[in-house]
Amino acid sequence: MTTGVDLRRGGRTRTLRTAARCLAIAATLLSLPAWAGPPYITDDPEPTDTGHYEIYFFGEGASSRDGRDGSAGIDFNYGAAPNLQLTATLPIAWNAPAAGNGATGLGNIELAAKYQFLHQQASGVDAAIFPRVFLPAGSSAVGESHASLLLPLWLQRTSGAWTIFGGGGCEIHRGGDSQDFCMLGAAFTYQVNERFQIGSEVYHQTADTRGGDASTDFDVGATYDLNAHFHLMASAGPGLQNRDRTDRVVWYAALLWTR
């Protein structure tokens, strides 16, 4: 690890003291929870610890020339077994079109299972599959009126205070004007200190409707640990590709409760 300190300066006693400080800092950073996934669209391969759970009270949204839409709700993760996380997401979705009336209602409920099959300690990288089933929404005005299935693969590597993660997959749709699409994302985070983490991501998705457009988004995010159980997180950024027809701005914010 590069410390920016000349360990040769000040004699042997100062060298040992400085080295001890560096080792203590490194040990502290390595022992911190490495939050990945939310607040980013790109997910990570690490499941919730066995017997523990995470509850995200979240809000998210996007805007385009056609208006604004988003959702708010609860995202529940439970460590059901070693290397296995079960997930359920209950969103209340809304939209506010540039012309016409808006709508609010039950969005597409998500049920998922994350299984980690590679670990960095043994293979040099963490890897997991995280299939998600999206149930039909309460109204086609706020979500898809049919079920869909997302099949992604996520990878991650951590080195000191840095974590890099990414991957992608495809979502299978059968209904309405929707069509199958694929997505790809890459993100990094940096643990600034024992409570504060920053990061950024680039995320690409092919067109998800017939005659639609592909989109690419960029955002920056941060996570702040209020204490051992409550954590604040948020991200926001601009659309980069076809932004007038897809996303001009995307954002996410959540209060995370871990137990």
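The values are calculated or read from the model by the stated rules, or taken from the named source; none is laboratory data. Keep in mind the model is a prediction, meaning the values are calculated, not measured. Note: ideal-geometry Cβ built from the backbone for every residue, glycine included; neighbour counts use all protein chains shown. The area values use the complete protein model at the heavy-atom level, side chains included, leaving out ligands, DNA and RNA. Shrake-Rupley method; radii C 1.70, N 1.55, O 1.52, S 1.80 Å.
As a ratio to 2.2 N^0.38 Å, the alpha-carbon radius of gyration for the chain is 1.13. Semi-axes of the equivalent ellipsoid of segment 181-242 are 31, 11, 9 Å, computed as sqrt(5λ) over the eigenvalues of the C-alpha gyration tensor in descending order.
Net charge in the neighbourhood of GLY167 (other residues with Cβ under 15 Å of its Cβ; Lys, Arg +1, Asp, Glu -1) is -3.
With a cut-off of 10 Å between beta carbons, the residues surrounding HIS231 carry a summed charge of -1, where Lys and Arg count +1 and Asp and Glu -1. Here's how it looks for GLN241: its modeled amide H is under 5 Å from those of THR216, which are all 5 or more places away or on a different chain. Each residue of segment 32-99 gets 92 Å³ once the volume of the Cα convex hull is shared out per residue.
Phi angles of segment 207-224 translate, via the Karplus equation with coefficients 6.51, -1.76, 1.60 and θ = phi - 60°, into HN-Hα couplings of 4, 9, 9, 5, x, x, 10, 6, 9, 9, 10, 10, 8, 10, x, 7, 10, 10 Hz per residue; Gly and Pro are given as x.
Percent of accessible area on segment 69-109 owned by carbon and sulfur, 1.4 Å probe? The C+S portion of the solvent-accessible surface of segment 69-109 is 65 percent. Each Lys or Arg adds one and each Asp or Glu takes one away; over the other residues whose Cβ falls under 11 Å from the Cβ of ARG65, this sums to +1.
Helical content alone sets the calculated 222 nm signal of the chain at -3000 deg cm²/dmol, taking -39,500 (n - 2.57) per DSSP H segment of four or more residues and averaging over every residue.
Computed on the Cα trace of segment 60-149, the radius of gyration divided by the Kirkwood hydrodynamic radius gives Rg/Rh = 1.13.
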